[in-house]
Amino acid sequence: MRTNQNNPKMRVHPAAIRLLTESTWEFAHSILWGKHPFSNAEIALAKIYIREYYEEIPAEEFASTAHRHLTACCERILLAKEYVSRFSHRYIPHPCIWFNKRNPKGFAGTKAWYLRNQEKRRPIEFCGSCGEEFIHNPIYRHYHFSA
């Protein structure tokens, strides 16, 4: 866990990481493995790999960005599910293999897909006076448009 011993405000509480890890595991388990029963040791190892993902968030940014990391993680899980659903010969390997960040064909490999999707969601830029009105309208700011 990343901490700054001199500044207690910059410390990430272990319960926060545990909550994100548990939520991610439950989501992935139900989406990718259909609640298939795994042993306690297998679940613990998968959760170690998931926890590593959240521990990479800098402590000073954790409170403001953790929800975005959780959302990104869940989107990446859904992208993997979509990928394997297209063809019957594709499958998601065991969670201890899939969540290992050293496996480029597992969760780590979904990062490029996620970033590509994020690029498609980038809001279009406007020129001129009508664009200014559109961009500064608080309602329209919450919508994403692809170019």
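Every number here is computed from the coordinates shown, using simple stated rules; none is lab data. From a predicted model like this one, the values you see are computed outputs, not experimental measurements. For neighbour counting, all protein chains shown are included, and Cβ atoms are generated from backbone atoms with ideal geometry for every residue, glycine included.
Where a Cα-Cα gap under 17 Å defines reach, which lysines qualify for Lys47, not counting those fewer than 8 residues away within the same chain?
Here the lysines satisfying the reach criterion relative to Lys47 are Lys35, Lys101.
What is the local net charge at Asn103, summed over the other residues whose Cβ is closer than 13 Å to its Cβ (Lys, Arg +1; Asp, Glu -1)?
Result for the neighbourhood of Asn103: +3.
Using Cβ counts within 10 Å as a stand-in for footprinting exposure, how do Arg11, Arg68, Arg86 rank, fewest first?
Taking fewest neighbouring Cβ atoms as first place, the list is Arg86, Arg68, Arg11.
Show me, bin by bin at 10 Å from 0, the whole-percent P(r) of region 8-121 based on Cα pairs.
Here the calculated profile for region 8-121 is 13, 46, 32, 8, 1, 0.
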